[in-house]
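Following: one structure in structure tokens, then a few remarks.
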Amino acid sequence: MDATVDPRLDLLRYYAAYFAPGMTDLSASCPPPAALAVDLGYELDGDALAFVPPAGAPDLREAIAARYEGLTAEDIVISAGASEALAAIALALLEPGSRAAVDGGIYPSFTEAAKSAGATLAPESPLAPGTRVVAVCNPTTPAGRIRDMAALCREARAAGATVVADEVYRDLSRVPLPAAATLDPGAISIGDLSKPLGLGALRIGWIATRDVDVRERLDRQLQLLSGGPSALSVRAALAAFERFDAAVAATLDRAEENGARIFRALTNHDWTWTPPEAGLTVAAWPARPLDAAAEQRVRDAGYFLIPCDMYGAPGAYRFSLLAPPATVCHALDLLAG
């Protein structure tokens, strides 16, 4: 780990520095995975165990495309999780001297790959002249705000920039959210099975865009990075999509009921927060700034809590709407000393 980089400003470094097996993650951003019945057959034939090109897996691409208005399987590229998708996009679209505008919630796989490509990173707003890519989250993370993607797509199109929208939480909303790839033929949408279903172990993500040239460049990058997910993950993902809507609805119900208890606990401890419009997390501020000793007390008790410095909200902390309320209360007591 590079000691010169403050872990509070980099999500991956923060996990590496402070998360340990057995800790209770009070900032978890996805539901716990449910059991998944997958019929692999007693014996898999040779074709079933062959490589799956990122642009391959036609059945899975059709299942994903069905979740986007106006898109077909040809508009979908499969990746090994949304993290790889974001890295591939940065490497495919950016080069030395190009500019990318990013919001605070963009995952480090995009920002680090953009730096590796030699690009300059700038705040998303205002949109600077010459910007090549505008990378945002919708809903935002960790605050769960819903963006006006139509307005952003118009602004980016006028500036000659490509919108890259991390939409892994798009289905975790009571209000249907239009995808960037639906709103603009040149925009790129990213999704995965980790955030809506908690199935991170499958490593199934995807890129949706109607831009043929961009799809070809992304396919090449994904071939270089991993070659795409395994055939076994693809088979399991197809089974997951059969229960996708029911699982997401159950998660939203649970987040609403449990989230009310989380909000009550925060209020009772004099923390301030704004109810998220979508997603599974909330950003909350304590009445007084917390020091390193307070955070260490929480870690010593086996709780993992992410500060929001890395999201551009210093002083705030990310709480999961699915965290056990009693555990959150205990953590808040420890933070208060």
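The values are calculated or read from the model by the stated rules, or taken from the named source; none is laboratory data. Everything numeric in this text was worked out from a predicted model, so none of it was measured. Cβ atoms come from the backbone with ideal geometry, glycine included; neighbour counts cover every protein chain shown.
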Is it the case that residue 289 is without any contact (Cβ under 8 Å) to a residue 12 or more places away in the chain and over 22 Å from residue 22 (Cβ atoms)? no
Inspect all residues belonging to segment 122-133 and state whether any of them is modelled with pLDDT of 95 or more, farther than 26 Å from residue 234 by Cβ, of a type outside the set (S, T, N, Q) and not in a loop (DSSP other than H, G, I, E, B). yes
Kindly indicate whether any position in segment 305-319 is out of contact with any strand residue (DSSP E or B) (no Cβ under 6 Å at 6 or more places or on another chain), buried (at least 18 other Cβ atoms within 10 Å of the Cβ) and among the hydroxyl-bearing types (Ser, Thr, Tyr). yes
Testing residue 272 on (1) touching a strand residue (DSSP E or B) at 6+ places or on another chain (Cβ under 8 Å); (2) within 26 Å of residue 22 (Cα to Cα), one condition comes back false. Which one is that? (2)
Checking residue 227 against (1) of a type outside the set (Lys, Arg); (2) part of a helix (DSSP H, G or I); (3) in contact (Cβ under 8 Å) with a residue 24 or more places away in the chain; (4) exposed (fewer than 15 other Cβ atoms within 10 Å of the Cβ), only one condition comes out false. Which one? (2)
So how many residues does segment 142-166 have that are out of contact with any Cys (no Cβ under 8 Å at 6 or more places or on another chain) and within 18 Å of residue 31 (Cβ to Cβ)? 1
Residue 92 vs (1) touching a Lys or Arg at 6+ places or on another chain (Cβ under 7 Å); (2) in a helix (DSSP H, G or I); (3) over 17 Å from residue 214 (Cα atoms): all pass except (3)
